[in-house]
Amino acid sequence: MAATSGNVTARTGRTATRSRAQTRERVLDGALEVFVERGFGRSTPEQICERAGFTRGAFYSNFSSMDEVFLELWTRQASGLITRVRGVVDALEYDASDGRSFEQIVVAALSGLVGDVSWHVLMAEFGAHAARNPGLAAVVTGHRAALRDALRPMIVHGLAIHGREVAVDDDTLGRGVVAAYEGAMAQAMIEPANPVPARLALELVAAVIWSFSRER
């Protein structure tokens, strides 16, 4: 009887954990939709919960603030980016000898990343918000550094496939790639119907990586 009771308790705990995780994901999905429609600064927990199909309590039982919600969304987006880039690097193993340049391969492989500029609009808005809050700015800086650290080994491997190696320090490489990408996407935010800025963002990423490398 005791063993059965323990099993039931364990199953109940796992079910509660899954339910909480699912609720959290639904709140995040609702938040993303509301942020895209209204902007980060004009969105409220009530609007997010309404979109997710929950009461206000679901928000505060999972998140302490709107900032935390956005940072969690950012973590989710970054995880998807890392997965996509890892797939690109794996593909380079097979595509390196097909006659295309490093830039052409990178642009073709990453083209799906810039189909919707709404996330970049939100990032720009949240960046301005964080810039006015030193504590939040420090958290954002940490998130950016973690993403750069996660991407660097893949960049190194992708270059190695083409017989090259990184010729600058990690910070310069990471910031250079981000600056090129975000600069071009800033134009794409203003011209969402124009495909040129989004395509340029990927071309610049490839060009910056290549320019910061040398033959091995």
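So that you can scan it fast, the table gives a plain yes or no per residue for (1) farther than 19 Å from Ser118 by Cα; (2) surrounded by fewer than 14 Cβ atoms within 10 Å (Cβ to Cβ); (3) in contact with a Pro (Cβ under 7 Å, 6 or more places away or on another chain):
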residue	(1), (2), (3)
Val36	no, no, no
Gly39	no, yes, no
Asn62	yes, no, no
Ser65	yes, yes, no
Leu71	no, no, no
Thr83	yes, yes, no
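Screening the candidates Gly135, Gly99, Gly115 for the property of being modelled with pLDDT of 85 or more and of a type outside the set (A, V, I, L, M, F, W, C) yields one hit, Gly135. On the stretch given as the range 191-203, residues that are loosely packed, with under 14 Cβ neighbours inside 10 Å and closer than 15 Å to Leu110 by Cβ total 1. Suppose we keep only residues that are of a type in the set (Ser, Thr, Tyr) and assigned to a helix (DSSP H, G or I) within the range 17-65. Which one would you say is nearest to the chain's Cα centre (by Cα)? Per the criteria, the residue is Thr23.
For the range 45-60, the tally of residues that are at positive phi and either open to solvent by less than 50 Å² (accessible area, probe 1.4 Å) or touching a residue at least 40 places away in the same chain (Cβ under 8 Å) (or both) stands at 0.
The combined condition, being under 27 Å from Leu71 (Cβ atoms), without any contact (Cβ under 8 Å) to a residue 12 or more places away in the chain and assigned to a helix (DSSP H, G or I), is not fulfilled by Pro197. Taken together, Ala188, Ala179, Ala124 contain a single residue that is among the small types (Gly, Ala, Ser), in a helix (DSSP H, G or I) and open to solvent by less than 30 Å² (accessible area, probe 1.4 Å), which is Ala188.
Looking across Glu103, Glu203, Glu182, one residue alone is under 19 Å from Arg76 (Cα atoms), charged (D, E, K, R) and touching a residue at least 60 places away in the same chain (Cβ under 8 Å). It is Glu182. Filtering the range 184-216 to residues that are farther than 19 Å from Leu151 by Cα and small (Gly, Ala, Ser) leaves Ala184, Ala186, Ala188, Ala193, Ala198. Considering only residues that are surrounded by 15 or more Cβ atoms within 10 Å (Cβ to Cβ), in a helix (DSSP H, G or I) and at pLDDT 90 or above, which ones fall in the range 157-173? Passing the criteria: only Leu173.
The values are calculated or read from the model by the stated rules, or taken from the named source; none is laboratory data. Computed from a prediction, not measured in an experiment: that's the story for all the values here. As a convention, Cβ positions derive from the backbone with ideal geometry for all residues, glycine included, and neighbour counts pool all protein chains shown. Accessible surface is based on the protein model in full, side chains and every heavy atom, while ligands, DNA and RNA are left aside. Shrake-Rupley method; radii C 1.70, N 1.55, O 1.52, S 1.80 Å.
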